[in-house]
Every structure is written in C-alpha cells, then in structure tokens.
Amino acid sequence: MSALLTQLLPGGGPVRQDAAPGKADPWDSGMWPLHRADWLGDPADWRNDAAVVVLGPEAAEDAMHVPFTLDATGVGAVERIVVTIDYSPIPQVLTFWPGRARPLLGFGVKYESGSPLRASVQRAGGGWRMGARYVSAMGGGCTAPAAAHGQPDWQEGFGEMRARLWPDTGRLRVWLRHPQDTGLAPGIAAHHLTEMVLEDDAGQIARLELHAPVEENPALTFLLPEDVSGPVTIRARDTMGYRFVGEVAA
Amino acid sequence: MTPDSNIRRRALLKVGIAGTASLALPLAAVAARSYGFEAAEVADGVWLIAGAQDSLNRDNGGAIANTVLLRTGQGAIVIDTGSTALMGAEIRAFADQRLGGVAATLNTHHHPDHWFGNAAFADAPILSLGPTAQAAALNGQGYSDALYSILGPWMSGTTPVPPQSPVQPGAQSLAGRALTLMPLAGHTEADLAILDADTGTLIAGDLLFLDRAPTLPDADMATWRASLDSLGALQPSGTIPGHGPFHRSSAALAQTRAYLEATDARLMRAAELGLTPAEAMAAGPVPDFAGLGAMPEEYHRSVVQRWADYEQRALTTISDA
C-alpha cells in the first residue's frame, strides 16, 4: 500500500509508475550503465520496478527547484536508496539510509538538462529495484550561481532551520537555508550539505548523504517509524564544516 | 543554459536592440510560417485577435494571449503584441491595412506572451505601467531563452523590446480615444486594465481568464482578489480577458475569482497536511477546474511557482544558527 498522501486532496487518486518494468533501461540512456557500475556496483539482481514510485514534474518549471518524492514502501525492507540524474554535470544527488524510518523521501534538485532522475533501491537482501522519472529541462540549474549569492547579505539567515512533524501520518518536513553551491558557477566555491541525520531518544532514525545537485534552501520530507513518540533531533553538516541542529516535536 | 550560450545570446540581443530602430524584421527568414490571424470587431472600433486557450507550444506558435486593437483617427491603439516577432509583424500588418497604422501600443503586464511582438511597433510609443517596463527589461533575456527553447523556429528574429514609457493612469484621451487606464496588481506587480469609454468594453489583461487556467508565476493572491473587487465595481458592456473569449457577462470575473480561491485553498491544505510539492502536483488541479485550457500543466507550474508561499506558513522555525 502506498504511503503517498495525494489522495488527501480532492480528486487526487493513487499514483503509479508508468515506465515498463523489467531488466531493460526504459530510457536506454548512454550514461546509465556507467552510473549503475559506479554507484550500484553493477549488481546482477537489478530491474526497473513499478513498486518504486517516483513523483516529479514532466518539465522543470524552475531548473533551480525541481521537486521529487520517492516512495519505496512497496519494496519491502530497504537498505539504502541511491538517487542519480543521468545527464547532470554532478550525477550523484543523494543516498538515503532509511534505517528505522520508512523508505519515503521528498526532496528538490537542480536540473541542467533533460534527463531521467533515478531512485535505485537496495533491498535488505541485496538486490536492486529502480524507479525513475524523466524531466525535460532547459538548464541553468547546476552551473548557475545560487540565488543567495546574488545578494550581498546572503549569510543572513544562513543555517535557519524550519520543520514540522505530523504525528497522524508520520510525516516530517525540514527546510534549511543553505546556498548549496555546486562549485560550477564561475568564482563561487562548492559549498553544500554533506549529511543530515534524524535522531530520537532511541538513537539514530535515518541518515542522508547529500551532494551538490540538491536544491538551494533544501526542503526534505521523511516518513517516521510508528515507534517515534518524542521529539526528533535533526543534525546536518556541510563541506565547509558548518553544523546545523534543530529539534521538532509533534 | 550554459554560460557560453548565455554570452552568445546576449551578444545577439545587443545587435537586436540596435537594429530595432530601423524595424528591420528579418521577414524573409520566417516567411514560410504564418499565424493567419482572424480579427473580429467585437464592439465599435474594438478588434480582437484571440489567442489559443492553451500553453505556449509549437502548435500555436506562442499565440495564446489576446491582442486588442482600438481604432482612432491616428491609427490603432494596440494592446499587447504576442510572443514572437512574426506575431507582432502580423498584428502590425493588420493595423496598417485596416486601421491606418499604429498610434500607440500598450503592454498590460510583463509576461512575454504579451509583449515579445513589440519590435514591430517601435516607431510609436510603447506604453506600460512603470514596474511593468522595469520587470520586462529585467526578465527579457530569461524569457527569450525560455521561448526559444519552447517555440523554436517560431521565434526567428525575435528580440525583446521592453516598453519604454511609463503610462499615466486615469481617465484620458489617447490618440483621441477616451480611455480609463487602471493601475492594478496581483497577477503581477503591475497589471494595467483598460476601460474603453466609447463602447464600455473592459480590456482586463491577465487579471481575468476565461476557460483557460490562470497563470500564477508572479501572483499575489490577496492583491489579485482586491483587483478583482475593483473590476467587479465596473459595469462594462463587454469584457476581453487576457486569455479567453470576449463576453458580455461577468463570467471571467466569477471564474477567475473562484479559481484563485480554490487553488489557494488547495495549496494551503496540501502544505498544512504535510504533502510534498510533488504530491500536490500529482494530485492534479482542483477537480472543478480540471477541464480548463492548459490543464493540468498550468496547475503543475503553479505548484512549483507558489509552493514556498504556503510552506513558509506551514513550517515553524526550530533553529536560528
């Protein structure tokens, strides 16, 4: 059963993945065999699977903020989820270790050109299942400077964290003010988040490894396990050694 | 857009601006294409070239917004000029052949489907509200990149020519025609609505849509609703929305208001319930409005454009590093 909430809006029905399942790459992409070898270790047990749902737009309305939600709750026990973009100058977006959380993640990315975004899900047993979505884009996402750098006071508010926890659905959404610079814009060094961890009294809930293609001022959605009752601590850090921490309770 | 293509396009743009004074449109290069407009006289001396009820695409060549021409003794007052140089040139040809030339041009707001045909009208004043002229100049390059990407060859020879002169709002005679120019806002930061005194026709720009989904990239919902109140206080004999047919009822006013309220409520509800923007998008538009032109893609665009407004209200600051 899907953990997506689209049905909470009038007219919003269940969502399913439309690419053909199987061992062939639905997009026949020149980059995918390389990415699959680099980040998944060229697994023998791999296939495109409708159980991995990836929601996203057909076209990038704003190449700096292309929203996605991936739902692998139909796959079974999940070890990690690797998100990549085929034709991005920096193809590696993030790796999510759901841990005690459920394998659902909302996030936004920058897009440089029309390309599939892929969520590769490693099951607890070792096999990989993929869901993907193709987004057409005219670029400007990865090689453009962060909007923050157009403003002289960009450091104002840097590190501000906003969040909210919805106990009835287990949703946690967190927003962090951060330039997420890729280092590809002339004269602006790479400066992006590298890690975000969720914790509670019982220890680590989930961990996220982040890379430069994640959107500026990223907003991330998690699905917490049912045994979380107390406050959740969110910790993050970036390439320059800054650390960010916040606590959210229902 | 790579930095290289950006530089190349800017170089072309400079050439284009320098060249507009001579109105040297490269018509030979685009002669194979034609919009083949049909203009209709919807009231005495009020001509409408109706746009397609759709998104910008290569089937409609970017001809999606309404263009209105008002007849005067000195030529036409042209209200909005379309998305491309070719479209501007065809509108201009109609004005020259049927209305004795062009006295002045008005741009209702800064979205490119309303002023990217301006080059064909640069020999007479091109007027707009001050913030419209500023926003058009500021965003022209980005709009140009986007339109070239979407419309391809339809854009041949098009360079952005932003309106130059701020128009004085209020009741006045423009080229001998009595108009009331109303400075409103909400669809963008400056939206010009025009009431033609002779016929009582309201030319509303994109403050009003009918049977085509409103676009919200620069929308301020509360300000827009206040502008609808201002328009609702008028008693026009007929209304020309920015997108949608001429009509003699208050249909565009009612539909635009209902759409904004329902979409505002939907996005607020989505953010308050903890949905992601991708989920809000996947749920589709408000069912009552799913049949409008340019749906569902216009709703999808709106979610991306406006999501931060709602999310900022739904989330709480938990840390201030």
Counting only heavy atoms of the protein chains, get the accessible area per residue of region B:63-171 (1.4 Å probe) and round it to a whole Å² value. 28 Å²
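Once you average over the residues of A:165-177, how many Cβ atoms of partner chains fall within 10 Å of each Cβ?
Numbers: counts 3, 4, 0, 2, 3, 1, 4, 1, 7, 3, 7, 2, 2.
Other-chain Cβ atoms within 10 Å of each residue's Cβ, averaged: 3.
When the Kirkwood hydrodynamic radius is evaluated over all pairs of different C-alpha atoms of chain B, what value in angstrom, to one decimal, is obtained? Working shown, then result.
On the way: mean 1/r = 0.0495 Å⁻¹.
With all distinct Cα pairs of chain B included, I get 20.2 Å.
So which DSSP H runs in chain B come out at 15 Å plus along the axis (Cα) with average Kyte-Doolittle of at least -1.0?
Working: long enough: B:3-20 (26 Å, -0.22); B:85-98 (19 Å, 0.02); B:130-151 (28 Å, 0.15); B:221-232 (16 Å, 0.12); B:251-272 (31 Å, -0.11); B:297-314 (25 Å, -1.67).
Span-like helices, by this rule, are B:3-20, B:85-98, B:130-151, B:221-232, B:251-272.
Once you average over the residues of A:2-10, how many Cβ atoms of partner chains fall within 10 Å of each Cβ?
Numbers: counts 0, 0, 6, 9, 10, 2, 8, 14, 8.
That works out to 6 on average.
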For chain A, what is the accessible area per residue in Å², given a 1.4 Å probe and the full set of protein chains? 40 Å²
Kirkwood hydrodynamic radius, computed over distinct alpha-carbon pairs, for region B:122-201: how many Å, to one decimal? 14.4 Å
Separation in nanometres of the label points that stand 7 Å from Cα toward Cβ, at residue B:57 and residue B:247: 2.3 nm
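Counting only DSSP beta bridges with both residues in the protein assembly as shown, tell me the antiparallel percent, nearest 5. Could you put the intermediate results ahead of the total?
On the way: 98 of 116 bridges.
Around 85 percent of the beta bridges assigned by DSSP in the protein assembly as shown are antiparallel ones.
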Long-range share for region B:43-177, i.e. C-alpha pairs more than 28 Å apart as a percent of all pairs, stands at 11 percent
Going from most exposed to least, what order do B:250, B:55 have by accessible area with a 1.4 Å probe? B:250, B:55
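Over chain A, with every protein chain in place, what whole percent of the accessible area is carbon and sulfur at 1.4 Å, could you tell me? Intermediate values should be presented prior to the final figure.
Working: 4890 of 9920 Å².
Percent of accessible area from carbon and sulfur atoms in chain A: 49.
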Distance-filtered residues of region B:166-204 - backbone nitrogen under 16 Å, label point 7 angstrom along residue B:229 Cα→Cβ: B:184-187
Highest first, please rank the peptides B:298-309, B:112-123, A:161-172 by the mean number of other Cβ atoms sitting within 10 Å of their residues. B:112-123, B:298-309, A:161-172
Model label zone, residue A:185; criterion: amide N under 19 Å from point 7 Å along Cα-to-beta-carbon; scope region A:55-75: A:61-67
Amide H neighbours of residue B:51 at under 5 Å, excluding residues fewer than 5 places away on the same chain, with H built from the backbone geometry, are B:66, B:67, B:244
Please average, across the residues of B:301-312, the number of beta carbons from any other chain that are within 10 Å of each residue's own beta carbon, and give a whole number. 3
For the pairing of chain B with chain A, what total accessible surface becomes buried, with a 1.4 angstrom probe, in square angstrom to the nearest 100? 3300 Å²
Hey, if you put +1 on the Cβ of every Lys and Arg and -1 on every Asp and Glu Cβ in region B:187-312, which of B:280, B:250, B:234 ends up farthest toward the positive end of that dipole? B:250
Globularity index of the protein assembly as shown, i.e. its alpha-carbon radius of gyration over 2.2 N^0.38 Å: 1.04
Multiply the residue separation of residue B:237 and residue B:37 by 0.36 nm, subtract the distance between their alpha-carbon atoms, and state the gained length in nm to one decimal. 69.5 nm
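The values are calculated or read from the model by the stated rules, or taken from the named source; none is laboratory data. Model, not experiment: these values are computed from the prediction. As a convention, Cβ positions derive from the backbone with ideal geometry for all residues, glycine included, and neighbour counts pool all protein chains shown. To get the accessible areas, we keep the full protein, side chains included, count just its heavy atoms, and leave off ligands, DNA and RNA. Shrake-Rupley method; radii C 1.70, N 1.55, O 1.52, S 1.80 Å.
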